[in-house]
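Below you will find the structure I want to go over with you.
The values are calculated or read from the model by the stated rules, or taken from the named source; none is laboratory data. Every value quoted in this text rests on a predicted model; they were computed, and no experiment measured them. Methodologically, a virtual Cβ is constructed for each residue, glycine included, from the backbone with ideal geometry; neighbour enumeration extends over all protein chains shown. Quick note on the areas: whole protein, heavy atoms, side chains included, nothing else; ligands and nucleic acids left out. Shrake-Rupley method; radii C 1.70, N 1.55, O 1.52, S 1.80 Å.
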Amino acid sequence: TGAGDFQLYEDTGTTAKFFWDASAESLWIGTSSPSAKLHTLVSSGANKLIVQNTAASQQSVLQLNTDSTTPGQCQIYMGKTSAPTNGQVGYDPNSDYLYLYTNNTERRRIDASGNLLVGTTSVDPVSGDVTGTSIKAQGNLQCSRENGVVMSGNRKGDDGVIFEARKDGTTVGSIGTA
């Protein structure tokens, strides 16, 4: 090993299970071929990262930071080894939005204004004539869909109001069943 390297071996003393490579500034746990600065590998059982704080009223923090001059995205990937990035949670500091991916496609976004975008990156899918839903932080809901029912509601149980419209807190109309 090189200068500054450090190894701990398993119980038989033949295989390094914990290895610090000083020249690469990498920590390897359970692997001899790391693909990141910290790489843990287990061949059976769960592979967990636990950040725990037992002090009263104190935080446990997993913090992801990027360069402040030309920042890249902060991301957490989830998936199987054949598709490791299918599930993602990330933050884009350039445009200031948080996003969620499933099946390697962006499905949800919360933008810098607090708008929730579902199936779209547009805050105005109706005027923009694109598919998706936007729930704006100030309370506006927009839904746009290609071919098919755009909105539906189902009242279970007894008859009554399904949709109610209000102006300044006062009911001005409704749709329901008798």
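Scan segment 40-55 for residues that are in a loop (DSSP other than H, G, I, E, B) and closer than 13 Å to Ile29 by Cβ and report the count.
Adding up the residues that qualify gives 6.
Here's something else I'd like to know. Just a yes or no: is a residue in segment 11-21 in a loop (DSSP other than H, G, I, E, B) and either modelled with pLDDT under 80 or touching a Gly at 6+ places or on another chain (Cβ under 8 Å) (or both)? Break it down stepwise before answering.
Applying the first criterion (in a loop (DSSP other than H, G, I, E, B)) to segment 11-21 yields 11-15.
With either modelled with pLDDT under 80 or touching a Gly at 6+ places or on another chain (Cβ under 8 Å) (or both) added as a condition, the list becomes 15.
Within segment 11-21 (the criterion being in a loop (DSSP other than H, G, I, E, B) and either modelled with pLDDT under 80 or touching a Gly at 6+ places or on another chain (Cβ under 8 Å) (or both)), the answer is yes, since at least one residue qualifies.
Still on this structure: I'd like to know if segment 60-72 contains one or more residues that are open to solvent by less than 70 Å² (accessible area, probe 1.4 Å) and part of a strand (DSSP E or B).
no
Follow-up. Kindly state which strands (runs of 3 or more DSSP E) lie completely within segment 78-170 and contain at least 1 residues that are basic (Lys, Arg).
105-110, 161-167
Okay, next question. Sort out which residues of segment 43-59 are open to solvent by less than 100 Å² (accessible area, probe 1.4 Å) and under 23 Å from Val89 (Cβ atoms), and write them in order of number.
If the condition is that a residue be open to solvent by less than 100 Å² (accessible area, probe 1.4 Å) and under 23 Å from Val89 (Cβ atoms), then Ala46, Asn47, Val51, Asn53 are the ones that fit.
Then there is this: State all residues of segment 130-161 that are open to solvent by less than 80 Å² (accessible area, probe 1.4 Å) and of a type in the set (D, E, K, R); if no residue qualifies, say none.
Scanning segment 130-161 gives a single hit, Lys136.
Scan segment 24-39 for residues that are hydroxyl-bearing (Ser, Thr, Tyr), open to solvent by less than 80 Å² (accessible area, probe 1.4 Å) and touching a residue at least 12 places away in the same chain (Cβ under 8 Å) and jot them down.
Ser26
So is Thr31 in contact with a Gly (Cβ under 6 Å, 6 or more places away or on another chain) and not small (Gly, Ala, Ser) or not? It would help to see each step written out before you state the result.
Working: in contact with a Gly (Cβ under 6 Å, 6 or more places away or on another chain): no; not small (Gly, Ala, Ser): yes.
The answer is no for Thr31.
While we're here: Quick check on segment 76-129: of everything there that is aliphatic (A, V, I, L, M) and under 26 Å from Leu49 (Cα atoms), which residue is least open to solvent (accessible area, probe 1.4 Å)?
Here the answer is Ala83.
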